[in-house]
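Q: Take a look at the following structure, please.
Bear in mind these aren't lab numbers, they're just calculated from the coordinates by the rules spelled out. It should be emphasised that the depicted structure is a prediction, and the values quoted were computed from it without experimental measurement. Because the Cβ atoms are built from the backbone with ideal geometry, glycine has one as well, and the counts that use them run over all protein chains shown.
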There are 2 protein chains.
Amino acid sequence: ENILEVKPVIYRQITVPEHGGKEYCTDSGLVVPSVPYELHKRLLEAAERWGLSLERRLETIGVCSSQMALTLLGGPNRLTPKNVHQRPTVVLLCGPHIQGAQGISCGRHLANHEVEVILFLPNFVKMQESVTSEVHLYSRTNSKQVAGVKDLPTSPVDLVINCMGCHENPTLREQTWYQSAANWANQNRAPVLSIDPAVSGEHQTVEAKWTLFLGLPLPLSETESRVYLCDIGIPKLVFQEVGISYHSPFGCKFVIPLHTA
Amino acid sequence: ENILEVKPVIYRQITVPEHGGKEYCTDSGLVVPSVPYELHKRLLEAAERWGLSLERRLETIGVCSSQMALTLLGGPNRLTPKNVHQRPTVVLLCGPHIQGAQGISCGRHLANHEVEVILFLPNFVKMQESVTSEVHLYSRTNSKQVAGVKDLPTSPVDLVINCMGCHENPTLREQTWYQSAANWANQNRAPVLSIDPAVSGEHQTVEAKWTLFLGLPLPLSETESRVYLCDIGIPKLVFQEVGISYHSPFGCKFVIPLHTA
C-alpha cells in the first residue's frame, strides 16, 4: 500500500469528431486539436442551450482577455499607484458583431483597471443588440469612443486589440471602414492582439502578434502570430454533446499559450 | 522638457457617502473604505440598470473566485498533467440565494479545471431562478451534488467554500441545514474560503480563513479571516451614480488582498 503506482501521463486528452486540420500543444505537452468553425459554432450553441448565454460568455471573455492584455502591457510593473500618470493606451478596433461585443467587454475591463482605452466602432445603421448593450455599459467608464480612423492616434499606442473580423461575414473585410482601420493598425507600430479572429485561407488583414482563441482553437493559417487559448467556462458534458471528448488543458490558468505541434 | 515632474501618490482615491465603519488598505497602500450593505446593494442595482446583469456578475465572480481558489489549492504546482490522479477536493456549501448561485458558478469553473467538486445544496421547495439555472449548468460538469450533510466527506478535504449566508435573510443561519453544515465545516479540518458573506455584529457561524468581498468590502467584524476583494467589472461612473468617488485599487489584478488599515 505504500508503493504509489505511477500511471503514465496521457498527452492526447482531447479528441474531436471533425478536425480543423491543425494541432497545437500546451507548455506541458498536452495536445489541443483545432476544430472547424462549424463545429465551434455548434459547441457554443449547445452551451447556450444549457444556460451559458452570450451575455455570460461576453463577461468571461472580457475578464480573461483583459487579464491577458494587462500582462502584455507590463502587468504589475506598469500598473502601480506610482506611475498612474503614465497610463498605457490601448486602441480597440471593433466591428458590429459578436466579435466586436467581445472586444468592447474587454475594453470596459481594461478601462476599469485605469488603462486609457480608445474604442473604434464605425457608425452602422444596423447593430447587433449585444454590441449596443456593451457600448452602453462601456460608456460608463468615461473612455473614448470614435467612429472614424481620422480620430485615432497617429503616434504609436501601447497595444491594439483587433475584433473586426466576423466568422459569419467574411466579406466585411472588403468594406472601407475595415480596410482603413486595418491600414491604420498596420501603420501604427503597436503590437496587435486579435481576439477570436475569423480564419480563412487568406492572410489576416491585420497582422497580429498574438491571437486569442476561445474554448478550442480554429486552424490559423501559417503566420508569425503566437496563439493563445481562453477557457470560456464550458463544462465537459457540453463538449461531449457535440462529439468532443474533452479534458481541460488549462491547469490552473484561464489563458494558456499554444504551440504548433 | 527632459525633467519629469514627480507628482505625489494619492493613497486615498476612493471616497464613500456612507462609511461602513472600517477601512482597509491594499499592498501598495491605497485606502479602500468599507461600505454598509445598503449602499453596496444600491451599487449593484445601479450596475444592473446599465446592463451589468446578475448573470454577467455570476460569471465574473465564478471566474475570479475560482482563480483565487485555484491559487489557494497550490496553483501550477498542484494542477499539472502529472498529478491528475491526485486531484484536489473542494466542498461548496451553498444556500438557496444569490450567494449560493455565486458559489455554484465558482464550482463549475473549478470542476472545469479538473478539481473534484462536491456541491452541498439542501432541497428547498422555493429556489431562486438564478440558483436553479446555475445548478442546471453545473450538472454538465458531471460533478457531485448532495442535499444532506451525511453525504459530505468525513475526512478532511482540500478546501471548503462557504456561500450559505444571505444578506437579506439573516435568520437563515438558525435553520437546521445551515447549522449542521456549519458544524460539518468547523469539524472538517479544511481551510474555509467565504465568498460575499453576510456580515453582522455577531460572529460568523463558519470560521473562514479567507473572505472574498465583491466590488467594495463590507465591514467584517474582528476575526482572524484574511480579507480579499474581487473586481466585478463595475465602471467608474456607476460608482459615481451612488455617490462613490472611485479609482481602481486593483492594478493589473482582479482579486487583491486587503489589510486592516
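Q: Scan chain B and note any complete DSSP helix (H) whose C-alpha atoms cover at least 15 Å along its axis and whose Kyte-Doolittle average is 0.5 or more.
A: Going by DSSP H runs, there are no hits.
Q: Taking only the Cα atoms of region A:138-229, how large is their convex hull per residue, in Å³?
A: 124 Å³
Q: Ok, one more. Output, in nm with one decimal and in ascending order, the distances from the A:PRO219 label point to the matching label points of the other copies (7 Å from Cα along Cα-to-Cβ).
A: So the label point of A:PRO219 gives 6.3 nm to the other copies.
Q: Further question: Restricting to the protein assembly as shown, what percent of DSSP beta bridges are antiparallel, rounded to 5?
A: Given both bridge residues lie in the protein assembly as shown, the antiparallel proportion sits at roughly 30 percent.
Q: Taking the label point 7 Å from Cα in the Cβ direction, how far apart in nm is B:ASN169 from each other copy of itself, listed shortest first?
A: 4.6
Q: Still on this model: Between beta-carbons, use under 9 Å as the cut-off and find the net charge around A:VAL192, counting Lys and Arg +1, Asp and Glu -1.
A: Around A:VAL192, the surrounding residues sum to 0.
Q: List the distances, in nm to one decimal, from the label point of B:GLN240 to the label points of the same position in every other copy, shortest first, placing each label point 7 Å from Cα along the Cα-to-Cβ direction.
A: Label-point distances to the other copies, shortest first: 5.0 nm.
Q: How high is the relative contact order of region B:82-151, in percent, with contacts defined as C-alpha pairs under 8 Å that are six or more residues apart?
A: Worked out over region B:82-151, it gives 36 percent.
Q: For region A:160-224, what does the relative contact order come out to in percent, with C-alpha contacts under 8 Å and a separation of six or more?
A: 34 percent
Q: Once label points are set 7 Å from the Cα along Cα→Cβ at both A:ASN123 and B:GLU129, what is their separation, rounded to one decimal in nm?
A: Here the answer is 3.7 nm between the modelled labels.
Q: While we're on this one: Kindly work out what percent of the DSSP beta bridges joining two residues of region A:1-128 are antiparallel, to the nearest 5.
A: If we restrict to bridges inside region A:1-128, about 40 percent are antiparallel.
Q: Counting only other residues whose beta carbon sits under 12 Å from that of A:VAL238, what net charge do I get with K and R as +1, D and E as -1?
A: +2
Q: Over chain B, what is the relative contact order in percent, taking alpha-carbon pairs closer than 8 angstrom and at least six residues apart?
A: With pairs under 8 Å counted, the relative contact order is 23 percent.
Q: Once you treat every alpha carbon in chain B as an equal point and sum by Debye, what is log10 I(q)/I(0) at q = 0.07, 0.13, 0.16 Å⁻¹?
A: For chain B, the Cα-only Debye profile gives -0.25, -0.83, -1.24.
Q: Let me ask you something else. Exceeding 29 Å between C-alpha atoms, which entries from my cross-link table qualify? They are A:LYS41/B:LYS126; A:LYS82/A:LYS150; A:LYS236/B:LYS209; B:LYS150/B:LYS209.
A: From the list (A:LYS41/B:LYS126; A:LYS82/A:LYS150; A:LYS236/B:LYS209; B:LYS150/B:LYS209), the Cα-Cα distance tops 29 Å for A:LYS41/B:LYS126; A:LYS82/A:LYS150; A:LYS236/B:LYS209.
Q: Excluding A:ILE256 itself, what net charge comes from residues whose Cβ is under 14 Å from its Cβ, given Lys and Arg +1 and Asp and Glu -1?
A: -1
Q: Provide A:LEU92, B:LEU43 in ascending order of the number of other Cβ atoms located within 10 Å of each residue's Cβ, fewest first.
A: Arranged by neighbour count, lowest to highest, A:LEU92, B:LEU43 become B:LEU43, A:LEU92.
Q: Taking only DSSP H segments of four or more residues, each worth -39500 (n - 2.57), what value at 222 nm results for chain B once the sum is divided by all its residues, to the nearest 500 deg cm²/dmol?
A: Helix-only estimate at 222 nm: -9000 deg cm²/dmol.
Q: Taking every residue in B:51-61, how many Cβ atoms of other protein chains lie within 10 Å of its Cβ, on average?
A: Taking all residues of B:51-61 together, the mean is 6.
Q: To check you understand DSSP bridge types, tell me what percent of the beta bridges within region B:121-261 (both residues inside) are antiparallel, rounded to 5.
A: 25 percent
Q: Right, something else. For the protein assembly as shown, what is the largest minus smallest coordinate of the Cα atoms on each principal axis, given in angstrom and ordered from greatest to least?
A: 66, 56, 43
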